[in-house]
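The block underneath contains the structure these notes are about, expressed in structure tokens.
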Amino acid sequence: MINGNASEFIEELTYQDHYAYYQGKKYFFNGCQCQCYAEGNIVNVTLEVYNLTTNIAIFSTTQNSIAECIAAFEEAKIFDGKTFWEVEKDIEWVDC
């Protein structure tokens, strides 16, 4: 990963958002968002990725846990038919 560590990028998606470039396109990674019951137990977790160049959501998943959201993201072929791990060396992590 350009400008960062891919494992750290994934770990931080569990609690915060990221911006990145891949093949000239800017992406917004909307980190895990938890919906909780009043007592604090998690109802579900959503993780989304948007292509800001085309203004299209390219990935969205809602799972029962943060770990399941991250796993679904890691398995999704959202970068020209490839997973994050297959293209991470070409992704540039940016502040905004």
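A few comments on the model shown:
- Debye log10 I(q)/I(0) for the chain, one point scatterer per Cα, at q = 0.19, 0.23, 0.25 Å⁻¹: -0.86, -1.22, -1.42
- The chain, accessible surface, carbon-and-sulfur percent (1.4 angstrom probe): 45
- FRET efficiency, 1/(1 + (r/R0)^6) with R0 25 Å, evaluated for E75 and Q16 via beta carbons: 0.70
- Annotation: extensible slack from E68 through N44 equals 7.6 nm (criterion: 0.36 nm per residue apart, minus Cα-Cα distance).
- With Rh defined as the Kirkwood radius, the inverse of the mean 1/r over Cα pairs, the Rg/Rh of region 42-89 is 1.01.
The values are calculated or read from the model by the stated rules, or taken from the named source; none is laboratory data. None of these values were measured; they are calculated from a predicted model. Positions of Cβ are backbone-derived with ideal geometry, glycine not excepted, and every protein chain shown enters the neighbour counts. Please note that ligands, DNA and RNA were not included when accessible areas were found on the heavy atoms of the full protein model with its side chains. Shrake-Rupley method; radii C 1.70, N 1.55, O 1.52, S 1.80 Å.
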